[in-house]
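The values are calculated or read from the model by the stated rules, or taken from the named source; none is laboratory data. Everything quoted here is computed from the prediction, not taken from an experiment. For neighbour counting, all protein chains shown are included, and Cβ atoms are generated from backbone atoms with ideal geometry for every residue, glycine included.
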Amino acid sequence: MESVKTVLSHALVLAVVLPLAACNALFGDDGMYPSKAHDYLTASEAPPLQLPDGASKPKINDVYPIPSLQYSKVLPKRFEVPRVDPLNEVEGKGSVRIQRFKNDEWVLFQRAPSQTWPLVLQFLNSNQIALASTDAQAGIIETELLSNQSDAKGRLESYRFSLSAGVQKNSTEVRVQHAYRTRENQPEVEAESEPARQKNMLKLLAEQLANSPDRSSHSLLAQGLGTASKVALQYEKAGDPYLLLQLPFDRGWASLGLALRKASFEVSDLDRSEGKYFADYVDKSRSDKKKPGALSRLFGRKKTEGEDKQDTLVIMARQADAGVRISLQKREGAALQANEQAFLLRKILQKLS
């Protein structure tokens, strides 16, 4: 009986081992049909296929072509992993801000126009302001004639709200225009718009938008106002990067100066006629670590005027067909590499508004 059990146990072992051995012999690394699942790890680029004479070359194309590197200057020899940039909120003041340029004033809201449109309508409805017309595709809202009890002449007034896409992606610029009108709804000739009334309405709107919920509805009709950014990092054929800002030159120049201060650039001089800012970039994440000690401050050598000029950057703004073209380079000394220029331009890009 024991011999029978022994024979059966040996038979079971053989029944398990033999198929495993057969599979290894057929499909193992040294078998008749080795697996090719990991062959791509050791694959190398083969020379192009040489076609025989008379063969039609357009009929044979590479299924997985390797694209050529268009900008060889962009990649440095050594790469340092950059720090994670903080979210581009509006200088710690929330998502709403009132901006001014010359006689123009508007509310900058960090939401897409399609989200801002219903919030502006909600603001007007909550204040029981009747609407005369709305055009979501053009971003225009006009109110009915309103009585102004504070006006000694008893004139009627109206407001016009205009929404447009901001400089940064998913941002909106809201402008308010005030005008006195007669009973026949014609513009008042003797009195122009009152700036105080216009600014007050703009301030009330900004406060309402600042208190709006993080998640708001979208208007399908207002999606035509766009959400794309008005500034982009582009490259020349030679590989040098630049920023293209789709704004008039006067506002683009002012926006660039404000962005430089926000992006840790210390502006030492400027030339408006030549469209140049002279500035030094201060990396705040490393400036604290590199502060000299007491002995270094006493006995250390200060930079000469020539060394300061070599570190100074020239940020150039030029009028272009599509807006303002912004580029930068060192004032003196060795030129910046393309990847270094792109790094600094991205810092400026995030702060343009």
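Quick one: residue 250 ticks every box in (1) modelled with pLDDT under 90; (2) not in a loop (DSSP other than H, G, I, E, B) bar one, so which box is it?
It is condition (1) that residue 250 fails.
So, of the residues in the stretch 227-276 that are among the aromatic types (Phe, Trp, Tyr) and surrounded by fewer than 19 Cβ atoms within 10 Å (Cβ to Cβ), which turns out to be nearest to the chain's Cα centre (by Cα)?
235
Scanning for something modelled with pLDDT of 90 or more, under 16 Å from residue 344 (Cβ atoms) and touching a strand residue (DSSP E or B) at 6+ places or on another chain (Cβ under 6 Å), does the stretch 269-276 turn up at least one residue? Steps first, answer last, please.
Applying the first criterion (modelled with pLDDT of 90 or more) to the stretch 269-276 yields 269-276.
Within this subset, residues satisfying the condition of being under 16 Å from residue 344 (Cβ atoms) are 276.
This time we only want the ones that are touching a strand residue (DSSP E or B) at 6+ places or on another chain (Cβ under 6 Å), so: 276.
Yes: one or more hits.
May I ask you to list the residues in the stretch 60-118 that are of a type in the set (Phe, Trp, Tyr) and modelled with pLDDT of 60 or more? Quick ask: steps written out before the conclusion?
Here is the first cut: in the stretch 60-118, the residues of a type in the set (Phe, Trp, Tyr) are 64, 71, 79, 101, 106, 109, 117.
Answer for the stretch 60-118, where residues must be of a type in the set (Phe, Trp, Tyr) and modelled with pLDDT of 60 or more: 64, 79, 101, 106, 109, 117.
Taking only pairs six or more apart or across chains, which ones have beta-carbon atoms under 9 Å, a first residue in the stretch 309-336 that is within 21 Å of residue 273 (Cα to Cα) and touching a residue at least 24 places away in the same chain (Cβ under 8 Å), and a second residue that is assigned to a strand (DSSP E or B) and among the acidic types (Asp, Glu)?
So the pair list comes out as 312/269; 312/280; 313/280.
Would you say residue 205 is at pLDDT 75 or above, surrounded by 14 or more Cβ atoms within 10 Å (Cβ to Cβ) and outside the structural domain of residue 139 (by TED's automatic domain parsing)?
When the stated conditions are applied, residue 205 does not pass them.
Say whether the condition of being within 30 Å of residue 228 (Cα to Cα), of a type in the set (Gly, Ala, Ser) and modelled with pLDDT under 90 is met by at least one residue in the stretch 321-328.
Scanning the stretch 321-328, I find at least one residue that is within 30 Å of residue 228 (Cα to Cα), of a type in the set (Gly, Ala, Ser) and modelled with pLDDT under 90, so the answer is yes.
List every residue pair whose Cβ atoms sit under 6 Å apart, with the two residues 6 or more apart in sequence or on different chains, where the first one lies in the stretch 119-140 and is without any contact (Cβ under 8 Å) to a residue 60 or more places away in the chain and the second, anywhere, is surrounded by fewer than 14 Cβ atoms within 10 Å (Cβ to Cβ) and not in a helix (DSSP H, G or I).
From residues that are without any contact (Cβ under 8 Å) to a residue 60 or more places away in the chain, the pairs are 130/144; 132/144.
For a quick check of your reading of the model, give me the residue pairs whose first member lies in the stretch 215-236 and is closer than 21 Å to residue 119 by Cβ, whose second is part of a strand (DSSP E or B) and acidic (Asp, Glu), with beta-carbon atoms closer than 7 Å and at least 6 apart or on different chains.
As it stands, the answer is none, since no pair meets every condition given.
Among the residues of the stretch 253-274, write down those that are within 19 Å of residue 332 (Cβ to Cβ), in a loop (DSSP other than H, G, I, E, B) and either small (Gly, Ala, Ser) or not assigned by TED's automatic domain parsing to the domain that holds residue 329 (or both). Give the derivation first.
Going through the stretch 253-274, the residues within 19 Å of residue 332 (Cβ to Cβ) turn out to be 265-271, 274.
In the following step, the residues that additionally are in a loop (DSSP other than H, G, I, E, B) were identified as 274.
Hits for the stretch 253-274: nothing passes.
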